Every structure is written in C-alpha cells, then in structure tokens.
Amino acid sequence: MIETRTLSLAEIEDLSFRALVAAGTSEENARPLAVATAATEADGVASHGLAYIPIYCEHVQCGKVDGLAQPVLAQPRPGVVTVDAATGFAHSAIEAGFDALIPAARAQGIAALAIRNSYNCGVLGYHTYRLAQAGLVGLGFTNAPASIAPSGGAKPVVGTNPFSIAAPGTDGQPALLIDQSASTIAKSEVMKHAREGRPIPVGWALDEEGNPTTDPNVGLKGSMAPSGGYKGVGIALLTEVLAAALTGATLGIHASPFSGTVGGPPKTGQFFIAIDANATANDAFSTGIVDLVEAIRSQEGAHLPGDGRRAKRLAAKSDGVAVNVATLNKIEALLT
C-alpha cells in the first residue's frame with residue numbers, strides 16, 4: 001500500500017519552489033512552475049505533479065534545462081507573439097507569452113503564441129485553462145521527443161504530442177476542457193509504472209518490433225501506442241506541424257529525451273491560439289456551449305471531458321491533496 005501525506009496547495013507550491021531554487025533555478029523561473037505543480041496535483045494528475053520535481057531539479061543540475069534562462073519575447077505582427085525560451089522552463093516562457101497574448105486576443109479577436117527552444121510544459125490543459133479563465137477560448141499544442149511510430153512502422157518519429165482546448169464558463173472554471181495526447185496514455189504514466197515496478201495494461205506501449213507489451217521498460221525502449229491507430233498518428237503529426245515546424249522548435253525526431261540526463265536541452269515548442277468568442281459568435285457561443293455540455297451531462301453515466309479534474313480541483317482547495325510520501329522524501333532530500 002502506498003503511504004501518503006495530505007498537503008495544502010500552498011504547501012505543495014512552497015515545497016516545489018524551494019526545491020527548484022535549491023537546484024539552481026532562479027526565483028522568477030521557479031514560481032510559475034511551482035504554481036503549475038500545485039495546480040496539477042489539485043487536478044489529480046500526480047504523474048505530472050510533485051513526482052516531476054526531482055526530475056526538473058536533476059535537469060537543471062545536468063544542463064538539460066537552464067534554470068536561469070530569460071525568455072525573449074517579440075511581437076512581429078499585432079496578432080502574433082513569439083517567445084524564445086532560451087532552453088529554459090516552458091512555464092516561464094508561457095507566462096511571459098500570455099502577458100502579451102491575452103490582450104492581443106481581446107483587442108483583435110484572435111491571436112497566436114509561438115514558443116521555441118523550450119522544455120516539457122507539464123499538463124497542457126493547465127495552460128489552456130488559464131486562457132479560459134481570462135474569458136478566451138484557448139487552444140494549445142506541444143511537441144515532445146519522438147516516441148510514436150508511424151502507421152505500419154516501428155521507429156518513433158513523433159512524440160505523444162498533446163493538444164488541448166478550453167472554453168470559458170460563467171463561474172471562473174472552464175465550461176469544457178479537453179486535454180489529451182496522441183498516444184493511448186501519456187508517456188509519463190508508463191514512466192511512473194516503470195519507477196514503481198508495476199506492469200502496464202496491454203495497449204499502452206509497443207516493443208521495438210511494434211508488438212504489444214506489459215513491461216513498461218520494454219515499452220519505453222520501443223514506442224507508445226497511438227490513440228485510435230493511424231488517427232492518433234495524424235493528431236501527433238498535426239501537433240508537430242503547429243508546435244515544432246510553425247514555431248521553429250526542434251522536431252521530435254531530433255529532440256533529446258525529457259527523461260534522463262543524456263542529450264542536452266530538448267528545445268521543443270508550444271503553440272497557443274486564443275480566441276475572443278464575442279468577435280466570432282457573440283452570445284451564440286455561450287448558448288451553444290451550454291447546450292453542448294447539457295446534452296452530455298444529462299445522459300446518465302456520460303463523461304464530459306474536464307469534469308473529473310474540475311471536481312478534484314475544487315475539493316483540493318479546502319481538503320488539500322494526498323501526496324506519495326516516497327515522492328516527498330525525494331524532494332525533501334534535495335533541500336538538505
């Protein structure tokens with residue numbers, strides 16, 4: 001049985017912040033990542049939360065990510081914002097980019113943010129959630145080191161490459177939030193099973209010959225199984241075009257792994273589109289979203305994307321989050 005300890009969101013943020021700074025991250029770069037880590041734990045996505053802090057710290061210390069990087073922002077067109085993350089944390093680059101993206105979208109109805117020379121952005125839906133909180137429809141795309149093979153092939157060419165969309169609601173929470181990778185399951189879940197010595201379900205990953213496997217270590221050496229077969233590969237390619245080719249970031253086939261210390265900075269990318277629905281549909285957008293959401297929630301047993309995270313997020317504000325003690329011990333060891 002896994003031993004846990006309940007922490008408040010403020011305690012999770014503080015612990016993350018102190019560990020990142022102790023590893024050599026500037027306070028300016030550590031804060032957005034610490035805030036995101038707490039939010040990720042609140043949403044119940046433990047594989048991307050505190051469990052990643054020791055990895056982030058290791059990557060700062062080995063040079064895979066520059067903890068002191070200063071993102072460079074530009075606005076080459078009124079509706080286009082670019083940020084060179086300078087091989088630093090994605091969260092700092094996104095933070096700087098959103099400061100320009102949000103007002104640009106409000107002023108023009110739509111705007112785009114292209115980030116290059118970046119790093120793992122964690123849970124992509126956390127970032128589109130923030131755009132929805134600002135009253136905008138947020139679309140996000142991020143590429144990753146190659147881990148999905150093309151249809152009929154066995155050698156990875158694209159990453160799990162998540163995409164996300166969040167629609168604003170009336171209560172400060174997104175009315176709808178979709179956040180999914182192009183693979184059957186996020187690669188971090190396979191990594192988590194490998195760390196814990198647990199087998200993975202059939203259909204999560206493939207071996208180096210393209211055969212199904214239940215051994216997470218074999219799967220990590222092979223490839224991730226695309227969601228929906230060739231359709232998942234198509235989604236991964238679409239995201240690769242937007243988040244890598246369109247931003248000037250490194251393609252997944254050339255990016256170093258997000259795990260381990262080998263290979264230097266991955267220099268991957270993120271691409272966000274923010275839309276003010278008042279400019280495209282006026283009140284019809286809100287009505288349409290309400291009708292769409294109700295059509296799903298009114299069906300007994302039906303699942304609306306984002307509802308699970310929403311419920312956990314709201315409960316975590318008052319109840320805190322049960323965190324793996326083994327993970328806490330690893331992080332606290334970084335502070336001694």
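The values are calculated or read from the model by the stated rules, or taken from the named source; none is laboratory data. Everything numeric in this text was worked out from a predicted model, so none of it was measured. Glycine gets a Cβ as well: all are built from the backbone with ideal geometry, and neighbour counts include every protein chain shown.
Overview of values
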{"item": "Selection from the stretch 172-196 of residues that are in a helix (DSSP H, G or I) and not aliphatic (A, V, I, L, M)", "result": "Lys187, Ser188, Glu189, Lys192, His193, Arg195, Glu196"}
{"item": "Residue check, Gly269 surrounded by fewer than 17 Cβ atoms within 10 Å (Cβ to Cβ), in contact (Cβ under 8 Å) with a residue 12 or more places away in the chain and not in a loop (DSSP other than H, G, I, E, B)", "result": "no"}
{"item": "Residue in the stretch 144-164 that is farther than 21 Å from Ser118 by Cα and not in a loop (DSSP other than H, G, I, E, B) present", "result": "no"}
{"item": "Residue in the stretch 214-236 that is touching a residue at least 24 places away in the same chain (Cβ under 8 Å) and of a type in the set (Val, Ile, Thr) present", "result": "yes"}
{"item": "Selection status of Ala149, at pLDDT 95 or above and out of contact with any Leu (no Cβ under 6 Å at 6 or more places or on another chain)", "result": "no"}
{"item": "Residue within the stretch 154-161 that is basic (Lys, Arg), under 22 Å from Lys267 (Cβ atoms) and within 16 Å of the chain's Cα centre (by Cα) present", "result": "no"}
{"item": "Complete set of residues in the stretch 117-135 that are among the aliphatic types (A, V, I, L, M) and out of contact with any Asp or Glu (no Cβ under 6 Å at 6 or more places or on another chain)", "result": "Val123, Leu131, Ala132, Ala134"}
{"item": "Among the candidates Ala302, Ala277, Ala284, residue that is closer than 15 Å to Ala175 by Cβ and surrounded by fewer than 14 Cβ atoms within 10 Å (Cβ to Cβ)", "result": "Ala284"}
{"item": "From Ala146, Ala166, Ala205, residue being buried (at least 23 other Cβ atoms within 10 Å of the Cβ) and free of Cβ contacts under 8 Å to residues at least 40 places away in the same chain", "result": "Ala205"}
{"item": "Failed condition for Ala10, given (1) under 20 Å from the mean Cα position of the chain (by Cα); (2) surrounded by fewer than 19 Cβ atoms within 10 Å (Cβ to Cβ)", "result": "(1)"}
{"item": "Meets criteria (of a type in the set (Lys, Arg), assigned by TED's automatic domain parsing to the domain that holds Ile253 and surrounded by fewer than 18 Cβ atoms within 10 Å (Cβ to Cβ)) for Lys155", "result": "yes"}
{"item": "Subset tally (residues that are in a strand (DSSP E or B) and either surrounded by 24 or more Cβ atoms within 10 Å (Cβ to Cβ) or among the polar types (S, T, N, Q) (or both)) for the stretch 73-113", "result": "6"}
